[in-house]
1. Select from the range 164-194 the residues that are touching a residue at least 60 places away in the same chain (Cβ under 8 Å) and more than 14 Å from the chain's Cα centre (by Cα) and write down the one among them that is most open to solvent (accessible area, probe 1.4 Å).
2. Any idea which residue in the range 226-277 is modelled with the lowest pLDDT, counting only those that are open to solvent by less than 40 Å² (accessible area, probe 1.4 Å), under 26 Å from Phe189 (Cβ atoms) and assigned to a loop (DSSP other than H, G, I, E, B)?
3. Quick one: Ser221 ticks every box in (1) within 18 Å of the chain's Cα centre (by Cα); (2) open to solvent by 30 Å² or more (accessible area, probe 1.4 Å); (3) free of Cβ contacts under 8 Å to residues at least 40 places away in the same chain except a single one, so which number is it?
4. Taking the range 185-205 only, how many residues are under 27 Å from Arg125 (Cα atoms) and among the small types (Gly, Ala, Ser)?
5. Can you tell me which condition Arg197 does not meet? The list is (1) surrounded by fewer than 18 Cβ atoms within 10 Å (Cβ to Cβ); (2) modelled with pLDDT of 95 or more; (3) more than 18 Å from Gly244 (Cα to Cα), and all the others hold.
6. Here is a list of conditions, (1) open to solvent by 20 Å² or more (accessible area, probe 1.4 Å); (2) assigned to a loop (DSSP other than H, G, I, E, B); (3) farther than 29 Å from Asn264 by Cα, and Pro157 meets all of them except one; can you say which number that is?
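The values are calculated or read from the model by the stated rules, or taken from the named source; none is laboratory data. On a predicted model such as this, the values are computed, not experimentally measured, just so you know. Because the Cβ atoms are built from the backbone with ideal geometry, glycine has one as well, and the counts that use them run over all protein chains shown. Accessible surface areas use protein heavy atoms only, side chains included; no ligands, DNA or RNA. Shrake-Rupley method; radii C 1.70, N 1.55, O 1.52, S 1.80 Å.
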Amino acid sequence: MNRIMLGIIFPFLEYLDRFQGQTQLHKSKPSDFRVAIEEVFLVEHGFFDTSRGTMQLSRTEVNPVGVEEATGFGIPVSEPGGEDRQSRELSQRHVTKRAKKLRVKEKEIKLKPVIAIDFAEIRERDWCNVVTCHMDTAQAYVWRLQNFVLGEHILKPCPENQTPVKACAISACGNFAVLGTAGGWIERFNLQSGISRGSYVDLSERSCAHVGEVVGVACDSTNTLMISAGYHGDIKVWDFKDRGLKSRWEIGCAVAKIVYHRSNGAAYIINFGLLFI
């Protein structure tokens with residue numbers, strides 16, 4: 001967390017060789033630091049393609065393969081595994097049958113392209129462990145990666161003022177999903193029940209978390225802190241359980257995305273070629 005507060009700014013691509021050759025890792029494993037660099041590299045080169053709605057579930061590959069279009073009946077995902085890599089689809093179930101029953105066109109009940117996704121392996125056998133946000137959609141969907149199907153709950157943050165969900169994160173314990181919206185709202189949900197477990201509110205921001213769109217949320221490895229980023233450059237650190245604001249930091253420019261590396265507690269804030277650590 002101290003690394004967030006330092007506010008050091010690097011042009012990522014220009015400093016890529018220096019990052020890769022870094023030896024002073026402050027007790028972090030070289031492999032963990034390498035994974036963090038690769039995550040930022042993926043974001044810098046279009047980890048999500050919102051125009052096509054494509055995504056890649058593997059977090060450790062610099063050159064994604066097996067990416068497919070995430071529209072229509074479900075969400076195609078690629079599982080890591082070298083030569084044994086498998087592509088599977090998270091299915092919406094019986095779209096054609098449901099469309100006929102409701103007497104509507106299939107495209108009216110198909111999910112829109114994915115713009116954000118997170119997953120946790122720890123609770124895969126217990127309940128839904130994948131959450132997705134979709135283009136121009138005011139709710140998030142949960143999925144069971146164990147049998148590749150859409151879950152039973154739909155997460156709807158801020159029902160009084162619905163705006164599209166733009167960011168999501170699953171807690172390290174696998175019990176909670178945190179959602180951020182275009183209207184600056186951040187809300188936490190229980191993945192097992194689908195019930196809201198409270199919102200994160202900065203009282204100086206007109207009863208919301210950020211003024212403007214929330215572009216990223218992240219949870220630390222101990223369910224102690226939650227980090228959020230607003231499009232206008234305000235980075236905030238919250239108490240995960242009590243949902244109170246602990247600190248904030250203005251970086252002075254728009255934010256495109258944040259990537260949080262739980263193993264070493266570093267947050268990488270991306271702004272169109274700049275990297276904030």
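1. Looking at residues that are touching a residue at least 60 places away in the same chain (Cβ under 8 Å) and more than 14 Å from the chain's Cα centre (by Cα), I get Gln192.
2. Per the criteria, the residue is Gly265.
3. (3)
4. Total meeting the criteria: 4.
5. Here Arg197 clears every test but (3).
6. Here Pro157 meets the rest and fails (1).
Here's the yes/no breakdown for (1) farther than 21 Å from Gly194 by Cα; (2) of a type in the set (Asp, Glu); (3) modelled with pLDDT of 80 or more; (4) in contact with a Pro (Cβ under 8 Å, 6 or more places away or on another chain):
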position	(1), (2), (3), (4)
Glu44	yes, yes, no, no
Asp49	yes, yes, no, no
Thr60	yes, no, no, yes
Gly74	no, no, no, no
Val95	yes, no, no, no
Asp126	no, yes, yes, no
His134	no, no, yes, yes
Arg144	no, no, yes, no
